[in-house]
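Structure, as structure tokens:
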Amino acid sequence: MTSPPASPTTARSTAALAVPTVVLYAAGYPIGAATIAVMSPFLVILLRFVASAVLLWAIVAARGISLPPRRQLIHAVIAGLLTQGVQFIGCYWGLSHGVPAGLAALIVALNPVATAAIMTLALGHRESRWGILALVLATVSVVLACAPSLIADHHLGAGIVAVVVGMLGLSVGGIHQARRCAGMDPMLLTAIGVTASTPLAAVIAAVSPMQVTDWPRAAVLLAVMVVFSSIGATTLYAACVARSGARGASILFAVIPSVAGVMAWIGLGESLSPLAVVGLVLGAAACVVQARTGQRPDVGDGGATSTTDSADRGHARTARATRRASESATSGSR
């Protein structure tokens, strides 16, 4: 059974949230690559988390948002460590080891397929034929996208693995947020995430070489990164997860690589090989096919959609039972 089409108002509000999320998230890749060119990657992560935490908590305090109950706070810390710490430390490690920004965006764009696979293994979610096709397309896209870089430079292998780990952190963190952090304010959730991730970033930065070759440029890029990526993109993505569930929100990554690739081409002069371009197309196709499955978020995936759909199905079952009872009563009176 297919889901009913969204109302025009709902579609417009969803698009209004999705478009800036895609643009700001995609901008993070070329901005990150430009920043680590003048500053050590883990020093970038540490300063980004510290500055983001200060600004976000100031905004949370100004808005009068209160902390969640202790149990939900613990789950928010776990989700934040995964979506903030694991994701960005993994991605920046990869960028610092020569992984192009466009390729990193492509790998992270497999988030929808990874999310579906994790839900299948951990939550008993049943994948349709379309879902299986999406997984096949995703696998081919990664092989095609990564093969040219690995052939040209075998040392990129560790960097690509780090980005894959970052992508898995985003996927698992999104699922955990949707299941355990329902109803939390997205900005508060982001503030908790960057705060929880700061000690991890500090430890890694302390044991890694730290240098800055251009302080003025690094300061400007870091400020842009904090505003657009930490406060903008990650907070908006948390809002998307809260609204649509982990799987629904992850579909946005179908278009993020294309946007990131254009930005990297314009701002950094990066180019993708023909195979990488094919991989980019197949990666986007995998995400589109995953969206085509037409499946509602599973119970436990979180998001307003699953709650609403469950209520709708409950009302439908009640209506059918009432109708059958009425027909039986009518037949008996006859």
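The values are calculated or read from the model by the stated rules, or taken from the named source; none is laboratory data. Because the structure is a prediction, the values reported are computed rather than measured. Note that each Cβ is placed from the backbone with ideal geometry, even for glycine, and that neighbours are counted across all protein chains shown. What goes into the accessible areas is simple: the full protein's heavy atoms, side chains included, and nothing from ligands, DNA or RNA. Shrake-Rupley method; radii C 1.70, N 1.55, O 1.52, S 1.80 Å.
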Evaluate region 202-209: report whether one residue or more is more than 13 Å from the chain's Cα centre (by Cα) and within 28 Å of Leu67 (Cα to Cα).
yes
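Condition check ((1) touching an Asp or Glu at 6+ places or on another chain (Cβ under 6 Å); (2) modelled with pLDDT of 80 or more; (3) closer than 20 Å to Val255 by Cα; (4) open to solvent by 20 Å² or more (accessible area, probe 1.4 Å)) across all residues:
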{"site": "Leu67", "(1), (2), (3), (4)": "no, yes, no, yes"}
{"site": "Val77", "(1), (2), (3), (4)": "no, yes, no, yes"}
{"site": "Leu81", "(1), (2), (3), (4)": "no, yes, no, yes"}
{"site": "Gly85", "(1), (2), (3), (4)": "no, yes, no, no"}
{"site": "Gly98", "(1), (2), (3), (4)": "no, yes, no, yes"}
{"site": "Leu103", "(1), (2), (3), (4)": "no, no, yes, no"}
{"site": "Val108", "(1), (2), (3), (4)": "no, yes, yes, no"}
{"site": "Asn111", "(1), (2), (3), (4)": "no, yes, yes, no"}
{"site": "Ala134", "(1), (2), (3), (4)": "no, no, yes, no"}
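Which residue is modelled with the highest pLDDT, if the candidates are limited to region 1-45 and must be aliphatic (A, V, I, L, M) and closer than 15 Å to Ile231 by Cα?
Looking at residues that are aliphatic (A, V, I, L, M) and closer than 15 Å to Ile231 by Cα, I get Ile45.
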Set Arg48, Arg71: member being out of contact with any His (no Cβ under 6 Å at 6 or more places or on another chain), outside any loop (DSSP other than H, G, I, E, B) and either among the hydroxyl-bearing types (Ser, Thr, Tyr) or closer than 21 Å to Val224 by Cβ (or both)
Arg48
Among (1) out of contact with any helix residue (DSSP H, G or I) (no Cβ under 9 Å at 6 or more places or on another chain); (2) not in a helix (DSSP H, G or I), Ser208 falls short only on (1)
Could you please let me know if Gly269 is modelled with pLDDT under 85, crowded, with 18+ Cβ neighbours inside 10 Å and on the phi > 0 side of the Ramachandran plot?
no
If Arg247 satisfies all but one of (1) charged (D, E, K, R); (2) surrounded by 24 or more Cβ atoms within 10 Å (Cβ to Cβ); (3) more than 11 Å from the chain's Cα centre (by Cα), what's the number of the condition it fails?
(3)
Under 6 Å by Cβ, and 6 or more places apart or on different chains, what pairs join a residue from region 44-67 that is touching a residue at least 40 places away in the same chain (Cβ under 8 Å) and of a type in the set (Ser, Thr, Tyr) with one that is surrounded by 14 or more Cβ atoms within 10 Å (Cβ to Cβ) and assigned to a helix (DSSP H, G or I)?
Ser52/Val194; Ser52/Val226; Ser52/Ser230
Can you spot a residue in region 178-197 that is open to solvent by 20 Å² or more (accessible area, probe 1.4 Å) and touching a His at 6+ places or on another chain (Cβ under 6 Å)?
yes
